[in-house]
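Below is one structure, written out as structure tokens, with a few remarks after it.
The values are calculated or read from the model by the stated rules, or taken from the named source; none is laboratory data. Bear in mind the structure is a predicted one, so any value in this text is a computation, not a measurement. Note that we place each Cβ from the backbone using ideal geometry, even for glycine, and neighbour counts take in every protein chain shown. Quick note on the areas: whole protein, heavy atoms, side chains included, nothing else; ligands and nucleic acids left out. Shrake-Rupley method; radii C 1.70, N 1.55, O 1.52, S 1.80 Å.
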Amino acid sequence: QVQLVESGGGLVQAGGSLRLSCAASGGTFSSYVMGWFRQAPGKEREFVAGIWWTFGSTYYADSVKGRFTISRDTNKNTVYLQMNSLKPEDTAVYYCAAGVRSDDYDYWGQGTQVTVSS
């Protein structure tokens, strides 16, 4: 049973940085894509960034390009989301996800809250 556990959320001022972590267990992730999504109050969940486990290729939503960086540590089975130059509109619950297709994630974490104050 695949489990994903996020950590690293919190309260930060605009312009600040946070690093989210997603510890993955219970599976072999070599053929997986790992993603970060977010959901703000009253809004639909949206894609933020994704990374293919084996080759490390990455892709991002336009809204975070140049500010956020996704990475993974294959020895620790952990995916990271480094968030810089944070804006109030980045405030949301951030979710880690895993799947074999980038358009259909199968497993989700419980989420971690990120709040950016102006």
Residue set ARG38, ARG19; condition under 14 Å from LEU81 (Cα atoms), among the charged types (D, E, K, R) and in contact with a helix residue (DSSP H, G or I) (Cβ under 9 Å, 6 or more places away or on another chain); output residue ARG38
Among GLU44, GLU6, the single one that is in a loop (DSSP other than H, G, I, E, B) and either open to solvent by less than 70 Å² (accessible area, probe 1.4 Å) or modelled with pLDDT of 95 or more (or both) is GLU44
With criteria (1) touching a Phe, Trp or Tyr at 6+ places or on another chain (Cβ under 6 Å); (2) under 17 Å from GLY111 (Cβ atoms), VAL33 comes up short on (2)
Within segment 84-91, can one find any residue that is in a strand (DSSP E or B), among the polar types (S, T, N, Q) and modelled with pLDDT of 95 or more? no
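Quick check on segment 50-79: of everything there that is in a loop (DSSP other than H, G, I, E, B) and of a type in the set (A, V, I, L, M), which residue is surrounded by the most Cβ atoms within 10 Å (Cβ to Cβ)?
VAL64
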Exactly one of SER30, SER17, SER25, SER7 is in contact with a Ser or Thr (Cβ under 9 Å, 6 or more places away or on another chain), among the hydroxyl-bearing types (Ser, Thr, Tyr), touching a residue at least 12 places away in the same chain (Cβ under 8 Å) and farther than 23 Å from ASP90 by Cα, and that residue is SER30
The condition from (1) loosely packed, with under 13 Cβ neighbours inside 10 Å; (2) under 17 Å from GLY109 (Cβ atoms); (3) at pLDDT 95 or above that GLY15 misses is numbered (2)
| Test: VAL100 is at pLDDT below 95, on the phi < 0 side of the Ramachandran plot and not aromatic (Phe, Trp, Tyr) | yes
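Collect the residues in segment 18-41 that are open to solvent by 60 Å² or more (accessible area, probe 1.4 Å) and over 11 Å from the mean Cα position of the chain (by Cα), keeping them in residue-number order.
Pass one, segment 18-41, residues open to solvent by 60 Å² or more (accessible area, probe 1.4 Å): 19, 28, 30-31, 39, 41.
The answer is THR28, SER30, SER31, GLN39, PRO41.
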### Task
Report whether or not GLY66 is among the small types (Gly, Ala, Ser) and either under 11 Å from the mean Cα position of the chain (by Cα) or modelled with pLDDT under 95 (or both).
no
